[in-house]
Amino acid sequence: MAHEIRKRRVLITGASSGIGAALARSYAARGATLGLVARREAELRQLAAQLDCDCAVYALDVRDGAALRQAAADFMSRHGCPDVVIANAGVSLGTLTEYPEDVQAFQDVIDINVVGMVKTFQPFVTPMREAGRGALVGIASVAGYRGLPGAAAYSASKAAAISYLESLRVEFKRSGVKVVTICPGYIATPMTEKNPYPMPFIMSADTAARKITSIIERGGTYAVIPWQMALVARVLRVLPNRLYDRLLARAPHKPRKI
């Protein structure tokens, strides 16, 4: 298995920090050829310089489908069809519907976390299907299991991502292409560092990346990490609305972006 991983061609969005950067380090340690995608070019190039592997850097916004198609074409012209495409780019903002200015925040979260995932996968669908192999991996979240107060946009986007990935998985059932849904709990990244509330079972980005890499390489299609959060998520999903509402009504909210 280690020998096979060393030949991997892997494209990762949201690669400039957090889970994306940690995934790049995890695959680079196994000798993979990487395509690194994010908006911040300086951070991407700094990361690429630290990795002992062949890296292609693409500074773009995942909302830009044309830019993603161009990056995909460039990567495939250099290295061939990727073995793994990881749609990791995402944002998390505190949002409240009563504020008119938060409407744009809702739009941004949905566009990046959901439509950005679609735009990331789209250029690779036909080449992977023709090759009869590969994995399309979406980073969702346990926040998609139930609506979290003060994070309606984020919860809605991750619920949509989970359903989208499930649809895609069924569509590719007999193609040889795997579709993998990863639902992390709390991971220590810039996205979570300002959360004003306890974050149970929080793990480092590098630990999460090693677990995600392992799930992908052994052919898993759905996983919640860490395993403790999987148990919490299952309980939350089956709680009656009355009890869930009572437990979450006074929960602290993620700060809004002012």
Taking the options 69, 78, 129, name whichever one is under 28 Å from residue 29 (Cβ atoms), among the basic types (Lys, Arg) and in contact (Cβ under 8 Å) with a residue 12 or more places away in the chain.
78
Would you check if residue 62 is under 18 Å from the mean Cα position of the chain (by Cα) and part of a loop (DSSP other than H, G, I, E, B)?
yes
Within the range 115-146, of all residues that are in a helix (DSSP H, G or I) and among the small types (Gly, Ala, Ser), the one nearest to residue 12 (Cα to Cα) is 116
May I ask you to list the residues in the range 77-114 that are outside any helix (DSSP H, G or I), in contact with a helix residue (DSSP H, G or I) (Cβ under 7 Å, 6 or more places away or on another chain) and under 30 Å from residue 216 (Cα atoms)?
81, 82, 84, 85, 86, 87, 88, 89, 90, 91, 92, 93
Any chance you could count how many residues in the range 238-251 are surrounded by 14 or more Cβ atoms within 10 Å (Cβ to Cβ) and assigned to a helix (DSSP H, G or I)?
2
Within the range 195-217, count every residue that is touching a residue at least 24 places away in the same chain (Cβ under 8 Å) and over 21 Å from residue 91 (Cβ atoms).
8
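Yes or no, residue by residue, for (1) touching a Gly at 6+ places or on another chain (Cβ under 7 Å); (2) crowded, with 21+ Cβ neighbours inside 10 Å; (3) of a type in the set (A, V, I, L, M, F, W, C); (4) farther than 26 Å from residue 249 by Cα:
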{"site": "110", "(1), (2), (3), (4)": "no, no, yes, no"}
{"site": "115", "(1), (2), (3), (4)": "no, no, yes, yes"}
{"site": "118", "(1), (2), (3), (4)": "no, no, yes, yes"}
{"site": "126", "(1), (2), (3), (4)": "no, no, no, yes"}
{"site": "130", "(1), (2), (3), (4)": "no, no, no, yes"}
{"site": "133", "(1), (2), (3), (4)": "yes, no, no, yes"}
{"site": "141", "(1), (2), (3), (4)": "no, yes, no, no"}
{"site": "146", "(1), (2), (3), (4)": "no, no, no, no"}
{"site": "153", "(1), (2), (3), (4)": "no, yes, yes, no"}
Of the numbered conditions (1) modelled with pLDDT of 95 or more; (2) under 17 Å from the mean Cα position of the chain (by Cα); (3) acidic (Asp, Glu), residue 217 fails exactly one; give the number of that condition.
(1)
Just checking, how many residues over the range 164-204 are of a type outside the set (Asp, Glu), farther than 25 Å from residue 25 by Cβ and part of a helix (DSSP H, G or I)?
5
Which of the residues that make up the range 27-53 are surrounded by fewer than 23 Cβ atoms within 10 Å (Cβ to Cβ) and assigned to a helix (DSSP H, G or I)?
28, 41, 42, 43, 45, 46, 48, 49, 50
Of 254, 173, which residue is more than 14 Å from the chain's Cα centre (by Cα), surrounded by 19 or more Cβ atoms within 10 Å (Cβ to Cβ) and at pLDDT below 95?
254
Which one is surrounded by the most Cβ atoms within 10 Å (Cβ to Cβ) among residues in the range 54-74 that are of a type in the set (Asp, Glu) and closer than 13 Å to residue 120 by Cβ?
61
Out of the range 109-138, which residues are within 11 Å of residue 177 (Cβ to Cβ) and among the basic types (Lys, Arg)?
129, 133
If you go through the range 41-54 one residue at a time, do you hit one that is of a type outside the set (Asp, Glu), closer than 19 Å to residue 217 by Cα and touching a residue at least 24 places away in the same chain (Cβ under 8 Å)?
yes
Test residue 60 against the stated conditions and say whether it is modelled with pLDDT of 95 or more and touching a Cys at 6+ places or on another chain (Cβ under 6 Å).
no
Any residue in the range 156-165 that is among the polar types (S, T, N, Q) and either touching a Cys at 6+ places or on another chain (Cβ under 6 Å) or surrounded by fewer than 17 Cβ atoms within 10 Å (Cβ to Cβ) (or both)?
yes
Selection from the range 205-237 of residues that are of a type outside the set (Gly, Ala, Ser), crowded, with 16+ Cβ neighbours inside 10 Å and part of a strand (DSSP E or B):
224, 225
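The values are calculated or read from the model by the stated rules, or taken from the named source; none is laboratory data. Quick caveat, the model's predicted, so the values are computed rather than measured. Every residue, glycine among them, receives a Cβ derived from its backbone with ideal geometry; neighbour counts consider all protein chains shown.
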